[in-house]
Amino acid sequence: MRPSNALITPEGYPFIAYSGGLFLFLSVGALLLHSVALAVPAVITFALLLFIISFFRNPERQPPADSSLVVAPADGTVVYVGPAHQEHLGDCLKISIFMSVFNVHVNRAPVTGTVVEHFYKQGRFYDARHAKASSENEQCGLVMETASGVKVAFVQIAGLIARRILCYVEPGDRLERAERYGMIRFGSRVDVYLPTMCEPMVAVGQTTTAGVTALTKLS
């Protein structure tokens, strides 16, 4: 099931329920027993609950009006812009976005088109900011083809903390630009592979907003 348009992604409900229940138990116990020993973990649990709610937030996004613009698939910071070789597309322009635990983690399609390939690779869990994360970390990728026949690949990569990649689409599915298609839990990276003739519109160190920030323009 693809992520819904709810303010909180459904994947977060179990985490919110567990931490909320634990906070309620500890806080009620602290009040009834007048216990500092329970009050301290109650405060910590409340902070954890707020973090989890923030992590699984799912804001609405409006892509740019120009449909030729490729949008960022993730909120985060650009950590690489340059040439690369992608096994499904060959030589490409690669743009990598690092997502910290404080970013929105819902991922969105960078272009409108049809999913033509879906691939998954087991791997390690290096810090997602490291260059070798692209080749050695656990990852799940899609190749999409636009109506004009241009192919674009984008890859969800697990990081040091992230251990769960969620992707809800398969070959044959159609995605609209900026449509939600998956998420990665607790810090990660998304690599986007584009035709070599594309001119990047972002630079290393720039922050991105999924579904909004333009990465390049397809001719």
Helix 36-55 vs. the chain, principal-axis angle (Cα, 0 to 90°, nearest 10): 20 degrees
Binned Cα-Cα distance frequencies in the stretch 52-92 - 10 Å width, integer %: 18, 34, 33, 15
Total formal charge among the other residues, if their Cβ is under 10 angstrom from that of residue 11, Lys/Arg +1 and Asp/Glu -1: +2
Where the chain is the region considered: accessible area per residue in Å², 1.4 Å probe: 48 Å²
Convex hull volume per residue for the stretch 1-81, taking Cα atoms only, in Å³: 130 Å³
Of 24, 50, 32, the one that fluctuates the most in a GNM where the chain has Cα springs shorter than 10 Å: 32
For the chain: relative contact order, % (alpha-carbon pairs under 8 angstrom, 6 or more apart): 26 percent
Residue-count net charge about residue 74 - beta-carbon cut-off 12 Å; Lys, Arg +1, Asp, Glu -1: +2
Value at 222 nm in deg cm²/dmol, rounded to 500, when DSSP H runs of n ≥ 4 in the chain each add -39,500 (n - 2.57): -6500 deg cm²/dmol
Rounded to whole Hz, the Karplus (6.51, -1.76, 1.60) HN-Hα couplings of the stretch 23-31, x for glycine and proline: 4, 4, 4, 5, 5, 5, x, 5, 6
Cα gyration tensor, the stretch 160-219 - rounded (a/c under 1.5), prolate or oblate: oblate
Electrostatic dipole magnitude of the stretch 1-121 [Cβ: Lys, Arg +1; Asp, Glu -1; Cα centre; debye, to 20]: 220 debye
Within a Gaussian network of the chain (alpha carbon springs, distance under 10 Å), most fluctuating of 57, 180, 189: 57
Only Lys, Arg (+1) and Asp, Glu (-1) charged, at Cβ; the chain dipole about Cα centre in debye: 380 debye
Kirkwood Rh and Cα Rg combined as Rg over Rh, evaluated for the chain: 1.06
Accessible carbon and sulfur surface of the chain relative to its total accessible area, %, 1.4 Å: 62 percent
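The values are calculated or read from the model by the stated rules, or taken from the named source; none is laboratory data. Keep in mind that this is a model prediction, so the values were computed, not measured. Cβ sites come from the backbone with ideal geometry, for glycine too, and all protein chains shown count toward neighbours. For the accessible areas, the whole protein counts, side chains as well, though only heavy atoms, and no ligand, DNA or RNA atoms are used. Shrake-Rupley method; radii C 1.70, N 1.55, O 1.52, S 1.80 Å.
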